[in-house]
Amino acid sequence: MIKIKVTLDGNADLKKFGRSLRTNILRSQTELARVLGSMTKSEVMTHAPTWKGTLSNRVIMKLFARAHRAEIMMASPLFNMIAMQNEFNTRGPRRLYKSSYPKLKEWADEKNIFLDKAYVIVGKEPGTRLGKQNKFFLPAFIQAQNLIPQVSAKVIGEALSRTRG
């Protein structure tokens with residue numbers, strides 16, 4: 001529970017102060033969406049699977065000011081598909097030959113796996129497909145949900161400090 005204490009002098013008009021405060025809080029909704037969106041984006045980027053850091057660099061945030069909303073997503077459907085294949089293996093188990101996929105060969109050599117074979121087996125783990133949701137987004141959104149009261153208290157406090165009665 002958040003408590004805000006406001007002290008007014010004897011000349012203040014309480015109705016006018018209440019209307020001004022309400023207007024400032026409504027105007028601060030976009031700021032709240034921007035702050036929470038940027039925090040969530042940075043959390044998604046830290047939870048993204050890392051190999052050369054390319055996947056985390058493809059996370060973007062779109063801010064819709066009129067709707068007071070921020071969306072965090074992958075930069076394009078291609079990068080979303082790549083993330084899904086990295087996490088959930090949406091295409092099933094298969095052999096990918098190192099000669100056809102030089103980046104996969106580089107990855108396997110760095111991890112010291114399949115060194116004696118000309119191919120890499122991809123998708124051996126059963127039951128890893130959980131649906132059309134990137135699992136590294138979920139921890140970030142849970143953490144953002146937990147931070148809503150603190151961030152909203154800060155934004156409302158700033159709106160309160162701008163309000164004149």
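Laboratory data are not the source of any read-out in this text; all were calculated from the coordinates shown. Quantities reported herein were computed from a predicted structural model and do not represent experimental measurements. Cβ atoms come from the backbone with ideal geometry, glycine included; neighbour counts cover every protein chain shown.
Within the set K41/K111; K41/K154; K105/K135, which residue pairs have Cα atoms separated by over 22 Å?
Result: K41/K111; K105/K135 exceed 22 Å.
Between S28 and residues 5 or more places away or on another chain, which pairs have amide H atoms under 5 Å apart, with H built 1.01 Å from N, and which residues are they?
Close amide H contacts, sequence-distant or interchain: none at all.
Give me T40, T23 ranked fewest to most by other Cβ atoms within 10 Å of their Cβ, as a rough exposure proxy.
Lowest count first: T23, T40.
When L32, L63 are ordered from fewest to most other Cβ atoms inside 10 Å of their Cβ, what list results?
Final ranking by Cβ density, sparse to dense: L63, L32.
Please order S38, S28, S152, S100 by the number of other Cβ within 10 Å, starting at the fewest. Walk me through the intermediate numbers first.
Details: S38 14, S28 20, S152 17, S100 9.
Listed from fewest to most nearby Cβ atoms, that is S100, S38, S152, S28.
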